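Trainee: My questions all concern the structure below.
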Amino acid sequence: MSLLSLEDVNAYYGESHILRDVTMRVEEGEVCALLGRNGAGKTTTLRSIAGARPPDVRGGAVRFRDEDITTMEPEDISTRGISLVPEERRVFPNLSVEENLHLAEVVHNKSNTVGRSIPQVEHVGMTTEDVYDEFERLRERQTQKAGTLSGGEQQMLAIARALKQNTDLLMLDEPYEGLAPQIIANVEDAIRRISETGTTILLVEQNAAAAIKLADRCYVVDQGKIVFDGTAAELRGDDETRERYLGV
Ligand code: ATP
């Protein structure tokens, strides 16, 4: 059984049909990359999994640990252990690093108690100390306002906030966007370490070359359809797919 599976998922913004019969799976413990050009449907796929609306998912099923989560509320999906770090790295700019981390926990615990359906598995996120062990840079900057951090540091903080919640499946939407190559390397290291602790990762990237380096398996989406499904090694060897859909 796959940790996550999508079967023939169709998603719409109003009447615009965006995802067309998207079928994919993410196995426990792996780094899975979803790649594709600007506008291909990557963010829409992540939002469909996380229960964020829009888009409307009409047709098909999203299953997590063999439970159908297609029509669940985002809070209920989150309490099951799925976290999405959106492209815009939502951190609270006027709060300190420490306060941002604390708030992630409070918000999560609250949604745990008000959720309509009680999660079957109780998830415990990382402690602040665990987070600082993982991201030394955040420890150094704990009293600094998040808005004054560099792009790379804000990305680390956004990921750390997700890890404080409870994450079995960490979904990262373009974590390298807008970062200098040196900083990308730091974020890559962080993702690799998180993966080594057993957290499953679904990574969405336009920077295909960087994502392929980290990934075990890859999907390529184009115009809302999955056009490639294989190992990272297979994609590396498939010049036609890379040139045609990824431009690398
Ligand atoms: P990007 O790198 O630009 O985020 P993406 O692969 O994540 O690319 P999506 O954001 O999933 O692409 O967008 C897929 C399609 O859906 C695009 O044609 C986009 O214009 C459209 N779209 C995205 N969000 C909305 C929305 N809220 N309302 C209407 N159409 C949307």
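Trainee: Please report the spacing between the Cα centers of region 15-86 and region 176-245 in Å, no decimals.
Mentor: Region 15-86 and region 176-245 have Cα centres spaced 17 Å from each other.
Trainee: A further question on this structure: Leaving out ligands, DNA and RNA, what percent of the accessible area of the chain is carbon and sulfur, probe 1.4 Å? Don't skip to the answer; put the middle values down first.
Mentor: Details: 5270 of 11340 Å².
Within the chain, the accessible surface is 46 percent carbon and sulfur.
Trainee: Also, quick follow-up: Between ALA209 and LYS225, 0.36 nm times their residue separation minus their Cα-Cα distance comes to what? Don't skip to the answer; put the middle values down first.
Mentor: Details: separation 16, 0.36 × 16 = 5.76 nm, distance 2.06 nm.
Once the chain is fully extended between ALA209 and LYS225, it gains 3.7 nm.
Trainee: Give the relative contact order (percent, whole number) for region 118-248; include only Cα pairs under 8 Å separated by 6+ residues. Provide the component values of the computation, followed by the final result.
Mentor: Working: 122 pairs, mean separation 23.8, N = 131.
Relative contact order of region 118-248: 18 percent.
Trainee: Additional query: Can you pull the one-decimal nm distance between simple spin-label points at THR197 and ARG53, each 7 Å off the Cα toward Cβ?
Mentor: 3.3
Trainee: Moving to a separate point now. What is the count of Lys pairs in the chain whose alpha carbons sit under 30 Å apart, if the two are 8 or more places apart or on different chains?
Mentor: 9
Trainee: Still on this model: Accessible surface of ARG137 in the full protein assembly, 1.4 angstrom probe, to the nearest 10 Å²?
Mentor: 110
Trainee: Also, I was wondering about something else. Rolling a 1.4 angstrom probe over the protein heavy atoms, how many square angstrom per residue are accessible across the chain? The partial results should precede the final answer.
Mentor: Details: 11340 Å² over 248 residues.
Ligands and nucleic acids excluded, the result is 46 Å² per residue.
Trainee: With a/c under 1.5 counting as rounded, go ahead and sort the chain into rounded, prolate or oblate using the C-alpha gyration tensor (a ≥ b ≥ c being the square roots of the eigenvalues; past the cut-off, prolate if a/b is larger than b/c, else oblate). Could you put the intermediate results ahead of the total?
Mentor: Values: a/c = 1.74, a/b = 1.21, b/c = 1.44.
Taking the square roots of the gyration eigenvalues as a ≥ b ≥ c, the chain is oblate.
Trainee: Related question: What spacing in nm lies between the two simple spin-label points modelled at GLU140 and PHE92, each 7 Å away from Cα in the Cβ direction?
Mentor: 2.6
Trainee: From the helices alone, meaning DSSP H stretches of at least four residues, give me the mean residue ellipticity at 222 nm for the chain, per-run term -39500 (n - 2.57), in deg cm²/dmol to the nearest 500.
Mentor: -10500 deg cm²/dmol
The values are calculated or read from the model by the stated rules, or taken from the named source; none is laboratory data. This one's a predicted model, so the numbers in the text were calculated from it and none came from an experiment. Note: ideal-geometry Cβ built from the backbone for every residue, glycine included; neighbour counts use all protein chains shown. Surface areas here come from the heavy atoms of the whole protein model, side chains and all, with no ligands, DNA or RNA. Shrake-Rupley method; radii C 1.70, N 1.55, O 1.52, S 1.80 Å.
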